[in-house]
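Chemist: Shown below is the structure under consideration.
The values are calculated or read from the model by the stated rules, or taken from the named source; none is laboratory data. All values derive from a computational prediction rather than experimental measurement. When we count neighbours, we look across all protein chains shown, and the Cβ atoms used for this are built from the backbone with ideal geometry, even at glycine.
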């Protein structure tokens with residue numbers, strides 16, 4: 001029977017793997033999710049096109065990440081510009097029947113991608129925790145009803161799309177935090193200290209999750225009664241959260 | 001030992017207050033007849049306000065709330081001019097049209113970066129409360145659950161200082177703050193266009209309905225825009241409250257809600273002889 005590998009060597013191998021993967025795991029692969037969302041959005045409204053723009057890390061610009069009319073993918077729009085910029089700034093869905101009369105409309109951006117709509121409906125992609133971006137529907141079909149009804153429908157559709165994007169990001173960010181901690185462990189740090197370091201990393205948008213992972217790692221060093229008590233406390237808090245309205 | 005606050009109700013300590021004229025139907029004439037909003041301070045917490053727009057006219061003051069990690073509560077208040085989007089100007093124009101002599105204050109809480117937007121919004125409301133505004137129009141709200149407690153605390157403070165908070169509910173259903181709180185005058189849009197026409201909803205959280213569908217509002221660069229949104233309904237109620245308050249200065253928020261309830265388009269007076277059964 002071969003000798004079992006040294007755990008530290010295993011961690012070093014994992015750290016090397018993480019380093020080599022590098023930028024490939026630097027951003028969540030949500031292309032399939034976003035593509036499906038805009039395809040369904042366009043069909044739902046019998047619209048000319050549908051697009052999703054997400055906020056960049058600094059929350060200063062919207063970046064168009066997916067669209068049924070792909071010319072706009074990659075375009076960046078400051079949050080202080082455009083109807084989409086207004087929607088994420090105010091957190092309010094907006095329907096404009098005649099964009100030519102609305103000074104907020106970023107006509108230059110529309111012209112640069114080759115299509116200027118007549119009407120537009122835009123809803124924020126937001127959850128109870130954060131604003132993620134905006135979903136836009138250009139020139140919805142006549143059968144989709146008046147502006148007020150389109151607002152309701154797009155707002156209702158935007159909610160699960162936002163939750164799906166948020167879930168995808170959280171799963172990815174926890175994975176990144178854990179992999180970053182593995183690197184530190186391979187250099188001799190204790191695991192929970194490494195996770196706390198990941199949690200304290202400046203600018204990390206999901207530092208709170210890394211902090212929670214650090215707490216769980218620390219709890220792992222205590223005995224079963226302590227871990228049971230911690231689990232009971234967390235479950236009690238979750239029961240309270242579930243019971244809150246909204 | 002007496003319980004806390006009981007000393008406030010001691011004879012000689014408790015001030016006299018004026019009751020609403022409930023022995024006669026509350027009328028529009030009583031509520032706001034002859035009133036113009038004069039002497040009432042109204043804050044518009046929004047994207048800024050353009051005082052050069054003819055529908056707005058003069059502003060009594062204009063500030064912006066900016067993030068500052070070294071400042072108390074993480075925000076600072078700075079002088080500011082202009083409107084980033086036109087939305088604040090639209091709201092101010094509606095208020096001006098209903099309460100022409102109200103003192104309008106612009107409180108810009110939107111910036112070129114969304115980080116800390118909730119903190120700026122809360123900072124703007126806090127500033128309006130500390131400055132002693134009488135009516136505050138918020139056609140913005142936040143869905144972030146993290147801000148529930150902070151905005152609730154501010155709404156309570158405003159309520160107990162007789163400051164009337166008017167907030168548009170979100171254009172899409174779902175809890176938003178501070179429109180969700182019971183002390184706030186929460187407003188949604190209805191399709192009628194009478195600027196003095198409003199409804200009372202007995203099934204909140206949107207308690208009042210006012211014009212906000214296909215309404216002509218002031219916008220950027222002196223223009224106007226035909227727009228739809230609960231945002232444009234809220235300032236109709238804010239303007240009415242400014243007008244009412246200029247005639248009845250000591251009205252409390254709950255009295256003002258009673259007045260609006262009595263004058264709402266869908267509320268009918270009880271039939272003669274009707275009484276509450278014991």
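Chemist: Select from the stretch A:43-79 the residues that are in contact with a helix residue (DSSP H, G or I) (Cβ under 7 Å, 6 or more places away or on another chain) and not in a strand (DSSP E or B) and write down the one among them that is farthest from the other protein chains (Cβ to nearest Cβ). Give the steps one after another, and end with the answer.
Modeler: Restricting attention to the stretch A:43-79, the residues satisfying the condition of being in contact with a helix residue (DSSP H, G or I) (Cβ under 7 Å, 6 or more places away or on another chain) are A:44-46, A:49-53, A:55, A:62, A:64-68, A:75, A:77-79.
Going one step further and asking which of them are not in a strand (DSSP E or B), we end up with A:44-46, A:68, A:75, A:79.
Values: A:44: 15, A:45: 15, A:46: 20, A:68: 22, A:75: 18, A:79: 6 Å.
Result: A:68.
Chemist: Return a yes/no flag: does the stretch B:119-133 have any residue that is assigned to a loop (DSSP other than H, G, I, E, B) and within 14 Å of another protein chain (Cβ to nearest Cβ).
Modeler: So the first thing to find is which residues in the stretch B:119-133 are assigned to a loop (DSSP other than H, G, I, E, B), and the list is B:131-133.
With the extra rule that they be within 14 Å of another protein chain (Cβ to nearest Cβ), the set shrinks to none.
So far as the stretch B:119-133 goes, no, none of its residues is assigned to a loop (DSSP other than H, G, I, E, B) and within 14 Å of another protein chain (Cβ to nearest Cβ).
Chemist: Specify the residue that is modelled with the lowest pLDDT; the eligible residues are those in the stretch B:170-203 that are over 21 Å from residue B:45 (Cβ atoms) and within 13 Å of another protein chain (Cβ to nearest Cβ).
Modeler: Step by step, filter the stretch B:170-203, then rank; the result is B:173.
Chemist: Among the residues of the stretch A:80-107 satisfying the criterion of being more than 21 Å from the chain's Cα centre (by Cα) and facing another protein chain (nearest Cβ under 7 Å), which is farthest from residue B:140 (Cα to Cα)?
Modeler: A:101
Chemist: Go through (1) within 14 Å of chain A (Cβ to nearest Cβ); (2) more than 29 Å from residue A:158 (Cα to Cα); (3) modelled with pLDDT under 90 one by one and return the number of the condition residue B:222 breaks.
Modeler: If we test residue B:222 against (1) within 14 Å of chain A (Cβ to nearest Cβ); (2) more than 29 Å from residue A:158 (Cα to Cα); (3) modelled with pLDDT under 90, just (3) comes out false.
Chemist: So which of B:273, B:265, B:209 ends up being within 14 Å of chain A (Cβ to nearest Cβ) and at pLDDT below 95? Explain how you work it out, then say what you get.
Modeler: On the way: B:273 fails: within 14 Å of chain A (Cβ to nearest Cβ); B:265 fails: within 14 Å of chain A (Cβ to nearest Cβ).
Of the residues listed, the single one that is within 14 Å of chain A (Cβ to nearest Cβ) and at pLDDT below 95 is B:209.
Chemist: Filter the stretch B:165-188 down to the residues that are part of a strand (DSSP E or B) and in contact (Cβ under 8 Å) with a residue 24 or more places away in the chain and list them by number. Let's see the steps before the verdict.
Modeler: Residues of the stretch B:165-188 that are part of a strand (DSSP E or B), as a first pass: B:165-168, B:177, B:185-188.
Passing the criteria: B:165, B:166, B:167, B:168, B:177, B:185, B:187, B:188.
Chemist: Of the residues that sit in the stretch B:137-157 and are touching a residue at least 40 places away in the same chain (Cβ under 8 Å) and outside any strand (DSSP E or B), which one is nearest to residue B:226 (Cα to Cα)?
Modeler: In the first step, residues of the stretch B:137-157 are kept if they are touching a residue at least 40 places away in the same chain (Cβ under 8 Å); the result is B:137-140.
Still in the list and also outside any strand (DSSP E or B): B:139-140.
On the way: B:139: 17, B:140: 19 Å.
The qualifying residue nearest to residue B:226 (Cα to Cα) is B:139.
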